[in-house]
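To start, the structure itself, in structure tokens.
What follows draws every value from the coordinates through simple rules; no lab data is involved. This structure is a prediction, so every number in the text was calculated from the model and none was measured. Methodologically, a virtual Cβ is constructed for each residue, glycine included, from the backbone with ideal geometry; neighbour enumeration extends over all protein chains shown.
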2 protein chains.
Amino acid sequence: MDRQQTNCCGARVDCAHCDIRPIAICGALQPMALGKLAAIAGTRRVDAGAQLIQEGEPAEDVFTLTEGMLKIYKLMPDGRRQITGFLIPGDLVGLAYGDSYIYSAEAVTDIVACRFRRGSLLALMADYPELEHRLLSRAGNELAAAQAQMLLLGRKTARERVATFLLGLAERRGIDRGEPMPLPMNRSDIADFLGLTIETVSRTLTLMRKAGLINLPDKHSVTITDMAHLQAASGD
Amino acid sequence: MDRQQTNCCGARVDCAHCDIRPIAICGALQPMALGKLAAIAGTRRVDAGAQLIQEGEPAEDVFTLTEGMLKIYKLMPDGRRQITGFLIPGDLVGLAYGDSYIYSAEAVTDIVACRFRRGSLLALMADYPELEHRLLSRAGNELAAAQAQMLLLGRKTARERVATFLLGLAERRGIDRGEPMPLPMNRSDIADFLGLTIETVSRTLTLMRKAGLINLPDKHSVTITDMAHLQAASGD
DNA sequence: CGTAGACTTGAACACTGTCAACTTGAGTGG
DNA sequence: CCACTCAAGTTGACAGTGTTCAAGTCTACG
């Protein structure tokens, strides 16, 4: 496809879906900055189930996801896992947390990402404050999401967590009422995102289906059939 | 006191403790930027128990806490509360989340904060990228803390949560082993920060005291008496 | 000294986790 | 094409951690 000539940042690499939604880093940059950004951008493809970055390793790269879904998570020494986010095209990975990554990232589906060397990006930020401004704005959004998730994990019931999760995903994906929504992650991922077990996630989804709030055509898709009641079930 | 002449940013206001630790916004700024920052800074004092900002209100100000302790939290419609952070001098409040505050902030102790008009700060950032760079770095730190807290809320036991809380507080406050650490917040605040009830917090602290991990000289101070075992109890 | 609020302690309960069995569906190979 | 296998998901029974409800203790303050 001829979109291969320019990625989200104008780079001559094969990111196919770079402009499918506003991209975190590039949007609204002046042409000169865009060009420089393109010059330092590369492409990284990762198969479903493989890791993109690992917690604790030197944070050499920053990525913007352009295709597929990525999960970011932290592990405890005994293997307990907390998924802190599911990323979709346009989201940033590996940004500005010091010298090492503070979380691991694994591809939920096959993914494509734009890669930037951290050092190059920092140097470019020095010349184009607009770029840094966009990153700061993005960091603010992530922080807001993190705080909402803390409320969910600390204070919501299993039912409220699942409802909030489905509504949030539908909103981010721009899914309309009644339209089937893909759930690329498995039950274990959902459980580790919501601070539950797979059994509780499964039971809760089943109860919601029986209550007529959702439909589960197959294991990897949902349709929201009663938006109002689902919102009421989300607790806020 | 003659420190009243200059606050953390060089402003002629009465922030007494502005230089007690590296201040988020000001540190390492060039003199010119510091001067401009000082010119737009004001001081805000809030009594213990009173609100500094409220979730949903227009985000007109950004603050740096210079004295005392502040809690930031989100509420659910039915009153359930999740405290997402306890802020200490040097921390930022109200930064860059869009047009409205996404959390409320209430003083745990009497506090003093430097106030910046959001618009003025944005304008200043346009002229002094260094300022924005510091804010981005700070946002990264907050994000890292938020992710650690998600792991705590989603996957840790009550005992691990309390241990992690005490260790984290001691580290941030620079408390040495054996030294008494002030706990200005009450049990209800701790519970709402850790996603527990006050009863569970109380029970857990008592068990830790009986196990010889900590001492509780009074309700608002702790000493860590067995750092190694407390760390082991924290789960990581 | 008495009161009120914060904290602690106890007992019963409930939500969610654990363990185990069963179902489903995709992939494989005869 | 069908039987087999295996992983993922579902369902059920029971258990346990933490919550709820209630009573008691402590302490600051008038």
Original post:
What 222 nm value per residue comes from the helices of the protein assembly as shown, counting each DSSP H run with n ≥ 4 as -39,500 (n - 2.57) and dividing by all residues, nearest 500 deg cm²/dmol?
Top reply: -12000 deg cm²/dmol
Original post:
Using just the C-alpha positions of chain B as equal point scatterers, what log10 of I(q)/I(0) does the Debye formula give at each q in 0.15, 0.17 1/Å?
Top reply: -1.05, -1.26
Original post:
To the nearest whole number, what is the average tally of beta carbon atoms from other chains within 10 Å of the beta carbons of peptide B:74-83?
Top reply: 5
Original post:
Can you run phi through the Karplus equation (6.51, -1.76, 1.60; θ = phi - 60°) for the range B:155-163 and list ³J(HN,Hα) in whole Hz, with x for Gly and Pro?
Top reply: 10, 9, 6, 4, 4, 5, 5, 5, 4
Subject >> Among B:73, B:103, B:128: highest mean-square fluctuation, GNM of chain B, C-alpha pairs under 10 Å >> reply: B:128
Subject >> Summed residue charge, Cβ within 13 Å of residue A:57's Cβ, Lys/Arg positive, Asp/Glu negative >> reply: -3
Original post:
Looking at the range B:73-172, what % of the alpha carbon pairs are farther apart than 16 Å?
Top reply: 68
**OP:** Run through the other copies and list how far each one's label point is from that of residue B:210, in nm with one decimal, shortest first; the point sits 7 Å from Cα along Cα-Cβ.
**Re:** 4.1
Original post:
Ranked highest first by the average count of other Cβ atoms within 10 Å around their residues, in what order do A:163-173, A:217-227 fall?
Top reply: A:163-173, A:217-227
Subject >> Position residue B:168, label points 7 Å along Cα→Cβ, spacing to each other copy in nm (shortest first, one decimal) >> reply: 1.7
Original post:
Inter-copy label distances at residue A:117, 7 Å along the Cα→beta-carbon direction, one decimal in nm, shortest first?
Top reply: 4.3
Original post:
At each listed q (0.15, 0.16 Å⁻¹), what is the log10 of I(q)/I(0) that the Debye formula gives for the range A:156-233 modelled as equal alpha-carbon point scatterers?
Top reply: -0.43, -0.49
Original post:
Lys/Arg Cβ at +1, Asp/Glu Cβ at -1, dipole of the protein assembly as shown taken about the Cα centre: which of B:66, A:119, A:46 is farthest positive-ward?
Top reply: A:46
Original post:
Which entries in the list A:74/A:156; A:36/A:74; B:36/B:74; A:219/B:74; B:71/B:219 go over 26 Å, if you measure between the two C-alpha atoms of each?
Top reply: A:36/A:74; B:36/B:74; A:219/B:74
Subject >> Euclidean distance between Cα centres, the range B:28-79 to the range B:133-184, Å >> reply: 20
Original post:
What does the charge count near residue A:98 come to, summing +1 for each Lys or Arg and -1 for each Asp or Glu among other residues with Cβ under 13 Å from its Cβ?
Top reply: -3
Subject >> Cut-off 10 Å between beta-carbons: net charge of the residues surrounding residue B:164, Lys and Arg +1, Asp and Glu -1 >> reply: +1
Original post:
Roughly what angle does helix B:31-40 make with the longest principal axis of chain B, taking Cα atoms, 0 to 90 degrees, to the nearest 10?
Top reply: 80
Original post:
Any idea what % of Cα-Cα pairs in the protein assembly as shown are farther than 33 Å?
Top reply: 42
Original post:
What angle do you read, to the nearest 10 degrees and between 0 and 90, between the alpha-carbon axis of helix A:118-127 and the longest principal axis of chain A?
Top reply: 70
Original post:
Top mean-square fluctuation among A:180, A:129, A:77, Gaussian network model of chain A, C-alpha springs under 10 Å?
Top reply: A:77
